[in-house]
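Take a look at the structure below.
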Amino acid sequence: MLDFFRIFVDRCHHAKEEQHLFPTLRKRGIAGRENCIKELLQQHDAGRKLVRAMASVCPKAKAGEAKATEELGNRLLTYGGLLTEHIETENKCLLPAADRLLTPEDQEALNEAFEKIETEEIGEGTHEKYHQLAHDLAKG
């Protein structure tokens, strides 16, 4: 679970935004939507803090400590809510601006940069592995 959050959510998704998408949007003049990027970055930081907090309580929860298990559950619920809020912010604010501002050349350069992250930083096939895991978990 923590591995999924650290690699798929943070190193795969958030890294692409922080390293490539946000700078490209700023270059294209995302004026009036800078608050959107600021909010998303705050959500990234909040998510990282929650994942560290979950990691710190996992050994006690695994050992069966009820208080730790409850704390882990609460942090998971908070994290899930944060991700839901993050996706809403992307859908309502970031993506419409990106659709308007990014040129076909920008989109091609972003695709190449994203692929480089996938293959060189997180490893070939890792994205697909976690995507399949998420799909399998969603099926129940």
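What is the calculated FRET efficiency for A66 to R100, with r their C-beta to C-beta distance and R₀ = 35 Å, to the nearest 0.05? Efficiency, rounded to the nearest 0.05: 0.10.
Taking +1 at the Cβ of each Lys and Arg and -1 at the Cβ of each Asp and Glu, which of A68, F4, F114 sits farthest along the dipole of the chain towards its positive end, judged by Cα position relative to the Cα centre? Of the listed residues, the answer is A68. Scaled against 2.2 N^0.38 Å for its residue count N, the alpha carbon radius of gyration of the chain is 1.18. Residues in the stretch 114-120 carry Karplus couplings, in order, of 5, 4, 4, 4, 4, 8, 8 Hz; the curve used is 6.51 cos²θ - 1.76 cosθ + 1.60 with θ = phi - 60°, and Gly or Pro positions show x. When only the Cβ of Lys, Arg, Asp and Glu is charged (+1, +1, -1, -1), the dipole of the chain relative to its Cα centre reaches about 580 debye. For the stretch 76-124, the Kirkwood estimate of the hydrodynamic radius, built from every pair of different alpha carbons, is 12.8 Å. Amide hydrogen proximity for E65: with H placed 1.01 Å from N in the peptide plane, no residue at 5 or more positions away or on another chain lies under 5 Å. Here the 3J(HN,Hα) profile of the stretch 57-63, calculated from phi with Karplus coefficients 6.51, -1.76 and 1.60 at θ = phi - 60°, is 9, 4, x, 5, 5, 5, 6 Hz, Gly and Pro shown as x.
Ranked by the mean number of other Cβ atoms within 10 Å of their residues, highest first, the peptides 119-132, 24-37 come out as 24-37, 119-132.
Which angle from 0 to 90°, rounded to the nearest 10, does the C-alpha axis of helix 126-139 make with the longest principal axis of the chain? For 126-139 against the chain, the angle is about 60 degrees. Principal axis analysis of the Cα atoms in the stretch 38-91 yields extents of 39, 15, 11 Å, listed in decreasing size.
The numbers here are math on the coordinates, done by the rules we state, and not lab data. Everything numeric here is computed off the predicted structure, so don't read it as measured data. Quick reminder, even Gly has a Cβ in these numbers, built from the backbone with ideal geometry, and neighbours come from all protein chains shown.
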